[in-house]
Amino acid sequence: MIDRSAGWIAASAGGELVAGDPEAAGPERAVVDSRTLRPGDLFVGVAGHHVDGGEFAEQALAADAWGALVAPAHAETLAATGRDRARPPAVIAVESPGLALAALARAWRRELDCPAVGVTGSTGKTSTKDILAALLAPHLRAHANRENLNTEIGLPLSLLEAERGTEALVLEMAMRGAGQIAELVAIAEPQVGVVVNVGPVHLELMGTIEGVAAAKAELIRDLPAGAACVVPAGEPALAGHLREDLDTIAFGPGGDVSLVSFQAGRAEIDARGERVTLELPYDQPHNLTNTVAAVAAAVALGVAPSGRVEPRFSALRGEIVELPGPVTVINDCYNANPMSMKAALDYLTAVPAGRSIAVLGGMAELGPDADRFHRAIGAHANDAGVDVLVAVGELGLGYASAFDGETYPVATAEEAGSLLDELSTPGDRVLIKGSRSAGLERVLGALG
């Protein structure tokens, strides 16, 4: 609950309370989708490219919303319709609901008065956030973004879900272009910044790896002096963005925090000369790297993690699904880029199985070199020892053109699911992976 008054909510958002009691207790949380609203929520009518959220504010108030934060034109109408109620809902008028949401979230973040960790990277940032939250849980009351609440809208919503008494914030920060990480840093005001990695993502907008690095490094640039910066050891793309007035913690081989050994679920990590022993329920190499990054961030917060770690990984990110047969499916279809695709293929073939089957959708936003990147992944599937490739969609044809094994090009996720139903045999191990635009979450739904 945002335990401040309606008047404080309005003032913090930079708006005017045009209806409701200024002394009324604050809302439970904020939402921008009236379909997810619960009684007691603040509805924020953000204007999108195609829909003005303010048009749904009246519907939200009818569903017992605490109030609405909307543009002035909507506020006048809402204030008039709510006057007849025994307890009129709060109506806050602002020029830009999106900017007002950010301002309100920043004000609440300052009310919480606890350290925050910003986590970004080309791949693995969500899993790193989930692992860090699990590492901190025995030591601090930590709050982390749910699922993909990591944008200029999602991050403020996540901050406004944090309860008073929160002792640490773990906030994933996403970007598709220059300036977006800086916008999120201005809202979250982190004391620790984590850049998990830099790779070929969003090249349609950023153009080069160097451009991607500069966008991610806005997190480093905007940290306050004396803050901690966690970066991959020896990452050349970030070298020019490091600052002498930050405590820079390099993770990975040769870094300040590194994996010493991993056997039978037991990870031994050297953290600046101190030994950290963790029991992990996962063994994917990329998540071991993410764990080392998370340990570095925990150390920056003064926490010494140890013992069993049970992250609640966000949906569709490496979920293991056991189908009848048995057939093991690695459902990793939330997103994809060349880095994460290679890591997933390596993990697919690392475990002995009857056959390894890769169901791959396209990787989006790779710009003019998209075909080259897709062909490179097809070649990597060869080198990794994949037995069968199901290439989904037009972009998937690039994988197929460079893959020498058994190949099945299909047009849709549903066709891939039907084909997988026919192809898979007991003992097979299957990877499902592609960008969100490929919609590969529908593959399992199409199985008979």
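Just so you know, all these numbers are worked out from the coordinates, no wet-lab data involved. Every value quoted in this text rests on a predicted model; they were computed, and no experiment measured them. With ideal geometry, Cβ positions are generated from the backbone for all residues, glycine too; neighbour counts draw on all protein chains shown.
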On the first, second and third principal axes, largest extent first, how far apart are the outermost C-alpha atoms of region 114-308 in Å? 42, 40, 31
Enumerate the aspartates and glutamates that LYS129 could reach by cross-link, defined here as Cα to Cα under 15 Å, with residues fewer than 8 away along the same chain left out. GLU147, GLU172, GLU310
Report for region 6-98 the percent antiparallel among DSSP-assigned beta bridges with both residues inside it, nearest 5. 30 percent
Under the Karplus curve 6.51 cos²θ - 1.76 cosθ + 1.60, θ = phi - 60°, whole-Hz ³J(HN,Hα) for region 173-178, x wherever Gly or Pro sits: 10, 9, 8, 10, x, 4
Amide H to amide H under 5 Å from THR248: which residues, 5+ apart in sequence or cross-chain, H placed 1.01 Å off N in plane? CYS229
If the viscosity is 0.692 mPa s and the temperature 37 °C, what Stokes-Einstein diffusion coefficient in µm²/s follows for region 319-445 when Rh is the Kirkwood radius over Cα pairs? 237 µm²/s
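Considering only DSSP beta bridges where both residues belong to the chain, give the percentage that are antiparallel (nearest 5).
Of the beta bridges lying entirely in the chain, close to 30 percent run antiparallel.
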Once the dipole of the chain is set up from charges on Cβ (+1 Lys and Arg, -1 Asp and Glu), the residue from the list GLY273, PRO324, LEU360 lying farthest towards its positive end is GLY273
Taking θ as phi - 60°, what are the ³J(HN,Hα) couplings along region 190-196 by the Karplus curve (6.51, -1.76, 1.60), each to the nearest whole Hz, with x for Gly and Pro? x, 9, 9, x, 10, 10, 5
For region 350-426 and region 298-334, what is the centre-to-centre distance using only Cα atoms, to the nearest Å? 23 Å
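Do me a favour and compute the ellipsoid semi-axes for the chain from its Cα gyration tensor, root of five times each eigenvalue, largest one first, whole Å.
On the way: eigenvalues 319, 155, 81 Å².
Equivalent-ellipsoid dimensions as semi-axes: 40, 28, 20 Å.
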Whose amide H sits under 5 Å from the amide H of ALA116, counting only residues 5 or more places off or on another chain, with H placed in the peptide plane? LEU169, GLN191, VAL192
Given +1 on the Cβ of Lys and Arg, -1 on the Cβ of Asp and Glu, and no further charges, what dipole in debye does the chain carry about its Cα centre, rounded to the nearest 20? 540 debye
Here region 6-98 gives, from Cα atoms, an Rg and Dmax in Å of 11.5, 36
